[in-house]
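Report on one structure; see the data block that follows.
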Amino acid sequence: MHDALKKLSLLFERLPGIGPRQARRFVYSLVDEKPEILEEFAGAFLEMKKLARRCPECFRAFEGKEAGLPTGQAGLPTGQAGAVCVACATHADSPAILIAEKDVDLENIEKLGVYSGLFHVLGEIALPFQSETDKVRLKELHDRIKRSKTIKEVILATSATNEGDAVAAYVEKILENFTESGKIKITRLGRGLSTGSYLEFSDRSTLDNALKNRK
Ligand SMILES: [Zn+2]
């Protein structure tokens, strides 16, 4: 591969789930695109970066303009840097917080309308949970529960996979002092979610059952 092709290919490989072969398929396909389309790609990347950010509390990705409430939980106007997202502001006194691994999982749960309350997104977390992102998000989860006067239940909505199990076990360990003191109980999505299934592929009734049968 020549330098320009190679460079682009390596950039695609930074994305989750994209290996060298898939990355090269993207690159060779883009070779055939019109310059206008490629300019649109470049512009869309930069626009996304300008408008989207992560909530400082739940870490969901959202666009500033999506925030419609006058003030956020942190007392900052929503839509401004440092302000919390609408869900965090709306459900500030929720008795439950649902832990999702990925943004797409959260999106799926919200879209299916099976849960309404606080969320926390761990991100593309991987063993042994030592990346800066992992540490920051896990610490904030601990601190949110410590600060909260209303959270009584932590719902682990991790996938029914080996990785999902490992993440769930790690979160349980981090929150051990709260479960031992009786401040919170930790539940996990029930059997509706068959072993090996990823949350993002769940349909409404499966996810609804998994939530109802949490224990
Ligand atoms: Zn939030």
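Any read-out appearing in this document is the output of simple, stated calculations on the displayed coordinates, not a laboratory observation. Just so it is clear, the model here is predicted, and its values are computed rather than measured. Quick reminder, even Gly has a Cβ in these numbers, built from the backbone with ideal geometry, and neighbours come from all protein chains shown.
So if I take the centroid of the Cα atoms in segment 165-189 and the same for segment 90-160, what is the distance between those two points in Å?
Taking the Cα centre of segment 90-160 as reference, the centre of segment 165-189 is 12 Å away.
Is the shape of the chain rounded, prolate or oblate, going by the alpha carbon gyration tensor and its root eigenvalues a ≥ b ≥ c, with a/c under 1.5 for rounded and a/b larger than b/c for prolate?
Prolate shape, in that a/c is at least 1.5 and a/b is the bigger ratio.
How do the peptides 90-98, 144-152 rank, highest first, by the average count of neighbouring beta carbon atoms within 10 Å per residue?
Highest mean packing first, the order is 90-98, 144-152.
So how do 110-119, 158-167, 174-183 stack up, highest first, on mean other-Cβ count within 10 Å?
Answer by packing, highest mean first, reads 158-167, 110-119, 174-183.
If I stretch the segment between V136 and D208 completely, what's the gain in nm (0.36 nm per residue apart, minus their alpha carbon distance), one decimal?
22.9 nm
222 nm [θ] for the chain, helices only, -39500 (n - 2.57) per DSSP H run of 4+, per residue, to 500?
Roughly -13500 deg cm²/dmol at 222 nm, from the helical runs in the chain.
Throw me the Rg/Rh for segment 154-194, computed over C-alpha atoms with Kirkwood Rh, two decimals.
1.00
Taking only Cα atoms, what is the 0 to 90° angle, nearest 10, from helix 20-31's long axis to the longest principal axis of the chain?
It is inclined by approximately 50 degrees.
Using a 10 Å cut-off on Cβ atoms, rank the peptides 12-24, 129-141 from the highest mean neighbour count down.
129-141, 12-24
Check cross-link reach from K212 to the lysines: straight Cα distance under 22 Å, and skip same-chain residues fewer than eight apart.
Answer for K212, where 22 Å is the Cα cut-off: K102, K111, K152, K183, K185, listed by chain and number.
On a full-extension model of 0.36 nm per residue, what is the gain between E107 and F45, subtracting their alpha-carbon distance, rounded to one decimal in nm?
20.3 nm
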